[in-house]
Structure formats: C-alpha cells, structure tokens
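Below you'll find the structure, written out as structure tokens, and then a few comments.
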Amino acid sequence: MNWVDLILLLVILLSAIVGWHRGFIIGFIDLITWTGSIVMGYLFYPYTADLMAKIIKMGPWQLPVAFILTSLAARILLGIIANYIIRRVPYEANENPANKFLGILPGLVNGWLYAVLLSALLLGMPLSDRLNAEARDSRIGSRLAMQSEWASSKLSPLFDDAIKQTITSLTVKSPESGTEMVKLSFTYDKSKARPDLEAKMLELVNQERTKRGLQPLQPDPELTLVARNQSQDMFRRGYFAHINPDGKDPFDRMKDAHVEFRSAGENLALAQTMEIAHRNLMNSPGHRANILQPKFGRLGIGIMDAGYYGLMVSQEFRN
C-alpha cells in the first residue's frame, strides 16, 4: 500500500462522513440525481445529436457535445424534482439517528465513484513518471482503474473521434490475420522495464491455464529479451503492431535473437495497468487462444513503463 492508496481511502472515508452528516434521504436522492443524469445522457444523446445536426454541424464533436448537453438537461430536470422532494422531508426524519447512520451507504457509493474518477485521472494525466508509477503500483488504484476502463469502453463511441486514446487501451490481431498497424500519437524513448509486473502477469497467465487443466508456462529469459525489445521499439518509434516498420514479424525477431522454436505466437497490449492489459487479452479470442494454447510451454513477457503513456506489453510464446 502506498500514498495513492491512502488518498483513495481518505476520499472514500470523507465521503462516508459527509453521507452521515447529510443523512440517507438527502444523500440517496442526490446520488440518484447525478447518476440518473449520466444514465439519461447516455440513453438519450442520439436524439439530441439528431436535433443538433439540423441546426449546426460539429463534426467529431457532435456526439460528445450532445451527450454533455443531454446530461446537463437531465441534471437540471432531476435536480428540480429532487429539491421538490427534499423540501417536503420533515426535519425530524432527516435528523433521525437511523437516517444519519444509513446516510453512510450513499456516502460510500459516492466515495467509490470519486475514487474511480481520481484513479483514472492519476493514471491518464501527464504527471511526472514517478507519480504515474505510484498510481500504477497502487493496489486500490489498479483495481479501480478496471472500473474506469469499463466506463471508457461504454463511452468510447461518443468520444473516440474527438479525443483519441484518453484512457489508452489497445490490442491488435495476431500476425497471421493481417498487417494491422496502429500509429501512436506519441513517441517515447525512456521507457523502463518492469520485471515485477512481468512476473505478476506470468502468474495471471498460469492461473488462467491451470484452472482449465493446462500445464503452466515456464518463464523464458530469451523470449523476455525479445519481448522487451519489441515493447521498447513500439514506444520509441510510435507504432503498435506485430509487424514492425521494417517489415519483420514476431518470428523474424525470434530468429534474429537466435531463439529456436517449432511453434510460436505473440500477444501485444497497451494499457494503463497490467491487470487491464491481461483482461483485454483474455477478452480477445485470438490472444486468449495463445494464452490457452496447449502446445506452448514457455513464455517471455516484456513490459515497458512509459509513465502516463501507459504500459506496453509483449508476450512471446514458444513450444
């Protein structure tokens, strides 16, 4: 546990205290009001966008602005209704000890939501590499980042055209399926290897295999060097692909490193935390197939840390 964990716990604790002070009735109504406005914004923004399109063309910002305007309108409407209800709550009911105690519940929910947002900001904002590393190594922050990643995936159709990769998370298809290449909007030549995260990811991979009756993969130092070089090269030259700008695929890179194999494979991921990268790989059929491939026996994982740009993960498999 580091200082980021302590701050996140403090946010949740303070929210619980505020919840107790306000009481369950007001706290619950407020929680429903602002979460309801986000839900209504998500459900009804297409209608707002259609109406806006008849008045003004905003290009890639059409959907984000429609979502924000719809959420604001819903917040105002729900706020009026909430204030009407709150004014009619008897003073005695609001000051009741049971109401005060139960107010901790919506307070905790609010605290959790604030902590999710704060963890996403600490991971995604251009802070110093040390601060981003502290946020990434936070036990609580890394778990909360999984929740912000879920929210990002739900809202990405709205914002992707306007803001590319606000919460970075990428995977690409296997090299056998084509030459897909993603051009990154940045380059970074000071990334650092994270052997601690590589070891943890190997544990996660082997957990996936053993619970399905497969043999665990053995760590492969030779493939680890290949994987680290690939992750570092993608950051340094600003691309994300199995086939590099020189036209070499994973099997070429293994041969160049004098790594012998009969069968081999590669997984790539770019994410803000190792846990998010692992989940995204397991949710992708091609990458999941590599992780659960019975004929693979060794694995080299190369994780390079580029601060707020995230973690570049290369997994190199062989028989």
Scope the range 204-229; condition surrounded by fewer than 16 Cβ atoms within 10 Å (Cβ to Cβ) and within 20 Å of the chain's Cα centre (by Cα); matching residues:
none
Members of the range 20-43 that are in contact (Cβ under 8 Å) with a residue 60 or more places away in the chain and over 21 Å from residue 119 (Cα atoms)
20, 21, 22, 23, 24, 25, 26, 27, 28, 30, 42
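Read-outs throughout are calculated quantities, based only on the coordinates presented, and are distinct from any laboratory measurement. Just so it is clear, the structure is predicted and the values come from calculations on it, not from any experiment. Note that we place each Cβ from the backbone using ideal geometry, even for glycine, and neighbour counts take in every protein chain shown.
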